[in-house]
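Working notes for the structure below.
The values are calculated or read from the model by the stated rules, or taken from the named source; none is laboratory data. A quick note: this is a predicted structure, and the numbers were derived from the prediction, not measured. Here the Cβ is made from the backbone with ideal geometry for all residues, glycine too, and neighbour counts use every protein chain on show. Only protein heavy atoms, including side chains, enter the accessible area calculation; ligands, DNA and RNA are left aside. Shrake-Rupley method; radii C 1.70, N 1.55, O 1.52, S 1.80 Å.
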Amino acid sequence: MADVFENYLSSTGVLLAEEINISAQFFKSIHLKKGDFFIREDESCRHIGFIASGAVKAYAIDKEAKENITCFKFEKEFVTSFPEFVAQKKSRRSIRAIEDSVIYRINYPDYQYLLSQVTAWNGVIKSVMEQEYNQKEHYLLNYNNRSAVDKYLHVLSSEPILIQRVSTQDLASYLGITQRSLTRAKGQIHRPNLL
């Protein structure tokens, strides 16, 4: 699994081989079973992680004790609650495994030290932050103020990994619709045209 992480770092084109070797020493692998937490809401956000295998969801709990999923992360993506990690505050959302996962994580003091020793990491983090921003923009542009059918059609065409790997309940939460609306949208789209 370490190869997945090192290959990713190499693919960024930002770090030299020696810098990748130095960097890898700061990241420790953890194994999460499906349902395990990487970060809990209202707890200090101490780590940033790289998903070597598996998947996670990020969500906040609303007043009705319902999960509001804001994103999913899969292999070769970094995961944390970025604003709280950078500010070293309590996380405003939970991040939980939706599949058995292997994540390489680094704590905040080691992250700060790594940035000071391997300045090229600033380029890696800039790229990660740009990806985060683009995902949020993509979500706002494609899933706000649209019908359940339009949302599901967009997932089919642009994010099929969600249909393959995310439960119907979690997908409905992410799309901001009920499970029943999602099932109905699937039925409308996949219903054979009868003459």
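In the chain, with Lys and Arg counted as +1 and Asp and Glu as -1 at Cβ, which of these residues, 71, 102, 167, has the Cα nearest the positive end of the dipole, that is, farthest along it?
Farthest along the dipole direction, towards plus: 167.
Pairs 33/126; 33/57; 151/186; 76/126: which exceed 21 Å Cα-Cα?
Working: 33/126 30 Å; 33/57 13 Å; 151/186 10 Å; 76/126 16 Å.
Over 21 Å apart, Cα to Cα: 33/126.
In whole percent, what relative contact order does the stretch 1-138 give with Cα contacts below 8 Å and a gap of six or more residues? Write down the numbers at each step before the final one.
Values: 252 pairs, mean separation 44.6, N = 138.
Contact order relative to length: 32 percent.
So how far apart, in nm, are the two label points at residue 110 and residue 62 if each is 7 Å from Cα heading toward Cβ?
For residue 110 paired with residue 62, the spin-label model returns 3.8 nm.
Roughly how big is the stretch 96-160's charge dipole about its Cα centre, with Cβ charges of +1 (Lys, Arg) and -1 (Asp, Glu), in debye to the nearest 20?
On the way: 6 positive and 8 negative charges, 28 e Å.
The calculated dipole for the stretch 96-160 is roughly 140 debye.
Size of the dipole of the chain about the Cα centre, Lys and Arg at +1 and Asp and Glu at -1 on the beta carbon, nothing else charged, in debye to 20?
That gives the chain a dipole magnitude of about 840 debye.
Given the options 138, 47, 31, state which has the largest fluctuation in a GNM of the chain using a 10 Å cut-off (strictly under) for Cα springs.
The residue with the greatest mean-square fluctuation here is 138.
Might you tell me the accessible area per residue for the stretch 66-195, computed with a 1.4 Å probe and given in Å²?
Working: 7320 Å² over 130 residues.
Per residue, the stretch 66-195 has 56 Å² of solvent-accessible surface.
If you find the alpha carbon centre of the stretch 59-90 and of the stretch 151-170, how far apart are they in angstrom?
Measuring centre to centre over Cα atoms gives 19 Å.
Of the candidates 25, 169, 179, which one comes out as most mobile in a Gaussian network treatment of the chain with C-alpha springs shorter than 10 Å?
Looking only at 25, 169, 179, the biggest GNM fluctuation is shown by 25.
Where in the stretch 17-85 are there trypsin sites (Lys or Arg not before Pro) that are in a DSSP coil and have at most 14 other Cβ atoms within 10 angstrom of their Cβ? It would help to have the intermediate numbers written out before the result.
On the way: sites: 28, 33, 34, 40, 46, 57, 63, 66, 73, 76; in loops: 33, 34, 40, 46, 63, 66, 76.
Those satisfying the criteria are 33, 34, 40, 63, 66, 76.
How charged is the neighbourhood of residue 114? Take every other residue with its Cβ under 14 Å from the Cβ of residue 114, and add Lys/Arg as +1 and Asp/Glu as -1.
Details: positive: 28, 105; negative: 18, 19, 110.
Net of charged neighbours comes to -1.
Ignoring any ligand, DNA or RNA, what whole percent of the accessible area of the stretch 1-82 comes from carbon and sulfur when the probe is 1.4 angstrom? Please report the intermediate quantities before stating the final value.
Numbers: 2040 of 4220 Å².
Carbon with sulfur: 48 percent of the solvent-accessible area.
Between 181, 101, 11, which gets the highest mean-square fluctuation from a Gaussian network model of the chain, Cα cutoff 10 Å?
11
Return the carbon/sulfur percentage of the accessible area of the stretch 99-195, one whole number, probe 1.4 Å, all protein chains in place. Walk me through the intermediate numbers first.
Details: 2920 of 5830 Å².
Heavy-atom surface of the stretch 99-195 belonging to carbon and sulfur, 1.4 Å probe: 50 percent.
Write down the Å³ per residue value for the convex hull defined by the alpha carbon atoms of the stretch 45-195. Let's see the in-between values first.
Working: hull volume 18.8 nm³, N = 151.
Per residue, the Cα convex hull of the stretch 45-195 comes to 124 Å³.
With a Förster radius of 30 Å, plug the Cβ-Cβ distance of residue 125 and residue 36 into 1/(1 + (r/R0)^6) and report the FRET value to the nearest 0.05. Could the numbers behind the result be given before it?
Values: r = 25 Å, r/R0 = 0.85.
Calculated transfer efficiency: 0.75.
If amide hydrogens are placed 1.01 Å from N in the peptide plane, which non-local residues have theirs closer than 5 Å to the one on residue 93?
Those lying under 5 Å, H to H, from residue 93 are 42.
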